[in-house]
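The values are calculated or read from the model by the stated rules, or taken from the named source; none is laboratory data. Because the structure is a prediction, the values reported are computed rather than measured. Using ideal geometry, Cβ is built from the backbone for each residue, glycine included, and neighbour counts are taken over all protein chains shown.
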Amino acid sequence: MNVKLSFWLRTSAKNSKRQSPVLLHIFTDYDRVQYSTGFWVIESSWDEKHQKVKGKSEDADTVNDGLAALKARARQVANELIVSGKPFNSYTIRDKLKNGISKSMSLMQAFDERLNQMKALEGREYAKTTIVKYTNTRERLKEYISKKFKRNDIELYELDYEFMQGYDMFLRTEYQNNNVTIYKHWQRFSLIIKLAIQRGFLDKYPFGEYRVRLDKKPVEFLTYDEILAIENKVFDLPRLQLVQQLFLFSCYTGFAYKELENLRPENIVTGEDGYPWIQMIRQKTKRQFRAPLLPMAIDIIEKIKTLPVHKRPGYLLPVMSNQKLNSYLKEIADACGIKKKVVWHMGRKSFAISIILRSNISIETLSSLLGHNSIKITSDFYTKITDDKISNEVSGLRESLLKRKQDIQGHT
């Protein structure tokens, strides 16, 4: 919808000082309405062409500044209504001017408020790395706004599909970001926008159908034989012995690095079935996580207790930095003749595919064991089935079909 704003002097309604009221005309596609500005001026001092008071006097500046501010407010109201997608007309704009403009906030303000909240909860609800990532997204947005609009900030109501498209292109060209990185920036940006919508600063999500298409990569994991190769390999160095056992613990529990690092003795409890269970809060989802421990995982805990390595008081496992673990894990993989690029998170993938799915355990149970928020997350990542599982199931189907055929032939 087109919105046009202009000032008009109503000379037919003069006051006792021979001054005429200045009215704001609000035009839309199909109607127009007048709004009183509250200013009165002498007809001879009014510049009809430029729609302002003539001269540079203090009184003239006061009126002209007031009219400029009112026009800016009216334009902001019109923009908010356009962004909202709701039907409106000239009367809607006038009513909003009369009854108060809607709440407004800039993009950088919205980000800074959220970041301050996250920093106040650092270490409890938000990891430092998460805060760094949100800060990075904020800085990239600020750079884009500066380059595209020559400004330091932008109002939330100014955001639209084209803004997100431009930001996408900026990340690709200026930082050579791939789809995964852009997707993460979009996720964080979208969360800030959704929080602003909840607080009434926006009426609807401004980016429409914008999406980042992610190429699904095959899940990389170790086969059960490769896990056994690591398990059966004997190492003399204590550091390799420790990393060997920690990685195997991940392979038999599905634990990510942070869960291994945070695990305490009190997190191991006895379940209703009488067997050891792990009960803790997952670092990533902040949700309660409960899962039974496999016998191999329990044996690994006992083995680690006998190793001559530095213990961590209060924690169950002597975990070192993720960087060191991955470095030592490469040595272990090479020693075991594994040609794959083995990294720490592969233990979690291997648990899902080579230990759980290989054993014909349902995807629902796997989702619970991995501590996922929903089964959809599990299905998206772990529908990869090992070749021997497919072979075994097809073999059973083959035998069933052959038996059925023989039974039919036997009755003919």
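With respect to (1) among the charged types (D, E, K, R); (2) at pLDDT 95 or above; (3) not in a helix (DSSP H, G or I), the lone exception for ARG172 is condition (3).
Have a look at ARG172, ARG114 and point out the one that is in contact with a helix residue (DSSP H, G or I) (Cβ under 8 Å, 6 or more places away or on another chain) and buried (at least 17 other Cβ atoms within 10 Å of the Cβ). Don't jump to the end; show me each part of the working.
Values: ARG172 fails: buried (at least 17 other Cβ atoms within 10 Å of the Cβ).
Step by step, each of ARG172, ARG114 is checked, and only ARG114 is in contact with a helix residue (DSSP H, G or I) (Cβ under 8 Å, 6 or more places away or on another chain) and buried (at least 17 other Cβ atoms within 10 Å of the Cβ).
Per-residue answers, yes or no, for (1) buried (at least 19 other Cβ atoms within 10 Å of the Cβ); (2) free of Cβ contacts under 8 Å to residues at least 12 places away in the same chain; (3) touching a Phe, Trp or Tyr at 6+ places or on another chain (Cβ under 8 Å):
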| residue | (1), (2), (3) |
| --- | --- |
| GLN244 | yes, no, yes |
| PHE247 | yes, no, yes |
| GLY271 | no, no, yes |
| PRO295 | no, yes, no |
| PRO318 | no, no, no |
| ILE332 | yes, no, yes |
| LYS339 | no, yes, no |
| VAL343 | no, no, no |
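Inspect the stretch 81-90 for any residue being surrounded by 15 or more Cβ atoms within 10 Å (Cβ to Cβ) and under 18 Å from SER6 (Cα atoms) and give the result as yes or no. Within the stretch 81-90 (the criterion being surrounded by 15 or more Cβ atoms within 10 Å (Cβ to Cβ) and under 18 Å from SER6 (Cα atoms)), the answer is yes, since at least one residue qualifies.
Pick out the one residue from LEU263, LEU240 that is of a type in the set (A, V, I, L, M) and at pLDDT 95 or above.
Working: LEU263 fails: at pLDDT 95 or above.
The match here is LEU240.
Taking (1) at pLDDT 75 or above; (2) not acidic (Asp, Glu); (3) not in a loop (DSSP other than H, G, I, E, B) in turn, ILE390 satisfies each apart from (1). A Cβ distance below 6 Å, combined with a sequence gap of six or more or placement on separate chains, defines the contacts here; from the stretch 55-70, residues that are closer than 18 Å to TRP8 by Cα reach residues that are among the aliphatic types (A, V, I, L, M) in the pairs ALA60/VAL53; VAL63/VAL53; ASN64/VAL53.
Would you confirm, using the coordinates I've provided, whether LEU325 is surrounded by 18 or more Cβ atoms within 10 Å (Cβ to Cβ) and at negative phi? Working first, answer last.
On the way: surrounded by 18 or more Cβ atoms within 10 Å (Cβ to Cβ): yes; at negative phi: yes.
Yes: the conditions hold for LEU325.
Rundown of residues vs (1) within 24 Å of ILE82 (Cβ to Cβ); (2) surrounded by 15 or more Cβ atoms within 10 Å (Cβ to Cβ), yes/no style:
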residue: GLU125; (1), (2): no, no
residue: THR129; (1), (2): no, no
residue: LYS150; (1), (2): yes, no
residue: ILE154; (1), (2): yes, yes
residue: TYR161; (1), (2): yes, no
residue: MET164; (1), (2): yes, yes
residue: HIS185; (1), (2): no, yes
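Of the strands (runs of 3 or more DSSP E) lying entirely inside the stretch 1-81, those containing at least 2 residues that are under 30 Å from GLU155 (Cα atoms) and under 42 Å from the mean Cα position of the chain (by Cα) span 4-9, 19-27.
Which members of the stretch 144-169 meet the condition of being assigned to a loop (DSSP other than H, G, I, E, B) and among the aliphatic types (A, V, I, L, M)? Break it down into steps so the answer makes sense when it comes.
The initial filter retains those residues of the stretch 144-169 that are assigned to a loop (DSSP other than H, G, I, E, B), namely 150-154, 159-160.
The answer is ILE154, LEU159.
The set of residues from the stretch 196-222 being within 30 Å of ILE338 (Cα to Cα) and not acidic (Asp, Glu) comprises LEU214, LYS216, LYS217, PRO218, VAL219, PHE221, LEU222. Counting only residues that are among the small types (Gly, Ala, Ser) and surrounded by fewer than 18 Cβ atoms within 10 Å (Cβ to Cβ), which one in the stretch 1-31 is farthest from THR92 (Cα to Cα)? Checked the stretch 1-31; the qualifying residue farthest from THR92 (Cα to Cα) is SER16. Here is the figure for the stretch 118-140: residues that are touching a Lys or Arg at 6+ places or on another chain (Cβ under 8 Å) and acidic (Asp, Glu) total 2.
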